[in-house]
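Before any comments, here is the structure.
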Amino acid sequence: MPQTNSERLRSDQSAETTDTTASEDETERETCPECDGPLRSDATHGETACADCGLVVDEDEIDRGAEWTAYSATEEDEKSRVGSPTTEMMHDKGLSTNIGWQDRDAYGNALSSRQRQKMNRLRTWNERFRTTDAKDRNLKQALGEINRMASALGLPESIRETAGIIYRRALEEDMLPGRSVEGVSSAALYAAARRAGIPRSLDEVEEISRVERVPIMRTYRYITRELDLTIPPSDPTDYVPRFASELDVSDETERQARDILEAAINEGYQSGKSPVGLAASALYAGALITNKKVTQKRISDVADISKVTIRNRYKDLLEFHEHTLPK
């Protein structure tokens, strides 16, 4: 029903009164109601008080700032965040949107058949828009490959992130032409694991990779040289905890294996020999010293080396260990 002239006049007067009241309230909040002095906000105590007379005008205010403390501009930039944290394991570092696979609305209700079809189309186009060029598609495939292999090898998230950074650097330096994505991904993961002191042998990487051992090793040497990566030599003692855990041997046997390896390393025995073979042989020697029944076949299966290697190494390791014993 249309308004009459009198009703329109009352409505305009009411709106004008509301605006005037809001303007007066805003003015009152800017000045002290007692002395008309300026107001100051104290974020530490959550109060607004007059700077002249000290009258507290508002208290228990809501702090709408960050919940963290920053002592410099750099630290503030590092701590500020919106949404989920960035990650090197996504080609766009996780900054783009992603449509979930659950066919449910915001209230948890199942979508209808037509809505599900619509969401499937949106997911398809969203995935296409996330990879706009060949470089993004290459990076997405490589990071997925790194994540798959790291999961199979039981490597932590930090090593996956490092491998992703190494691959990104290789891609930016235009080092991929002539080499497969799988080969560079395997080499980057192998290098990241060695840098972190949680190494995996080439045989283990080859087993879960889609390329053979030789291309992985060649690519590894190439990217470490061109990217100037500092990779420490493989230490046989780094393999001992993992093998000991899989063999379920006692802490005493593991300590003996470490002592045996340290004695051999001090004599320079590890030069030119496989660190995996030395670690497995040291565990077998430690089991003999502690009278634990661990067969050579079982150790060879866990370490993925031959029983001949264990037989050829453990006797020499025991000799070095005997030299360090007090007479």
Being within 29 Å of Leu189 (Cβ to Cβ), touching a residue at least 40 places away in the same chain (Cβ under 8 Å) and either of a type in the set (D, E, K, R) or surrounded by 13 or more Cβ atoms within 10 Å (Cβ to Cβ) (or both) narrows it down to one of Thr224, Thr290, Thr237, so name that one.
Thr237
Looking only at segment 308-326, decide whether some residue is within 28 Å of Ala163 (Cβ to Cβ) and out of contact with any strand residue (DSSP E or B) (no Cβ under 6 Å at 6 or more places or on another chain).
no
From the option list Glu59, Glu88, single residue qualifying as at pLDDT below 85, of a type outside the set (Ser, Thr, Tyr) and touching a strand residue (DSSP E or B) at 6+ places or on another chain (Cβ under 9 Å) is Glu59
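Residues are listed down the side, and each one gets a yes or a no for (1) in a helix (DSSP H, G or I); (2) more than 29 Å from Lys297 (Cα to Cα); (3) in the same structural domain as Asn138 (by TED's automatic domain parsing):
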{"site": "Ile166", "(1), (2), (3)": "yes, yes, yes"}
{"site": "Gly197", "(1), (2), (3)": "no, no, yes"}
{"site": "Arg200", "(1), (2), (3)": "no, no, yes"}
{"site": "Val211", "(1), (2), (3)": "no, no, yes"}
{"site": "Ala244", "(1), (2), (3)": "yes, no, no"}
{"site": "Glu254", "(1), (2), (3)": "yes, no, no"}
Count of segment 307-327 residues which are among the polar types (S, T, N, Q) and either at pLDDT 90 or above or under 15 Å from Tyr239 (Cβ atoms) (or both)
1
Within segment 266-280, identify whether any single residue is part of a loop (DSSP other than H, G, I, E, B) and under 29 Å from the mean Cα position of the chain (by Cα), and answer yes or no.
no
Apart from one, (1) at pLDDT below 85; (2) farther than 30 Å from Arg104 by Cα all hold for Arg160; the odd one out is (1)
Restricting segment 198-251 to residues that are of a type in the set (Val, Ile, Thr) and within 23 Å of the chain's Cα centre (by Cα), which is farthest from Ala279 (Cα to Cα)?
Ile223
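Based on this model, can you work out whether Asn120 counts as polar (S, T, N, Q) and not assigned by TED's automatic domain parsing to the domain that holds Gly197? Lay out the reasoning, then the answer.
Values: polar (S, T, N, Q): yes; not assigned by TED's automatic domain parsing to the domain that holds Gly197: yes.
Considered against the rule, which asks whether it is polar (S, T, N, Q) and not assigned by TED's automatic domain parsing to the domain that holds Gly197, Asn120 comes out as yes.
The values are calculated or read from the model by the stated rules, or taken from the named source; none is laboratory data. Just so it is clear, the model here is predicted, and its values are computed rather than measured. Cβ coordinates were reconstructed from backbone atoms using ideal geometry, including for glycine residues, and neighbour counts include every protein chain displayed.
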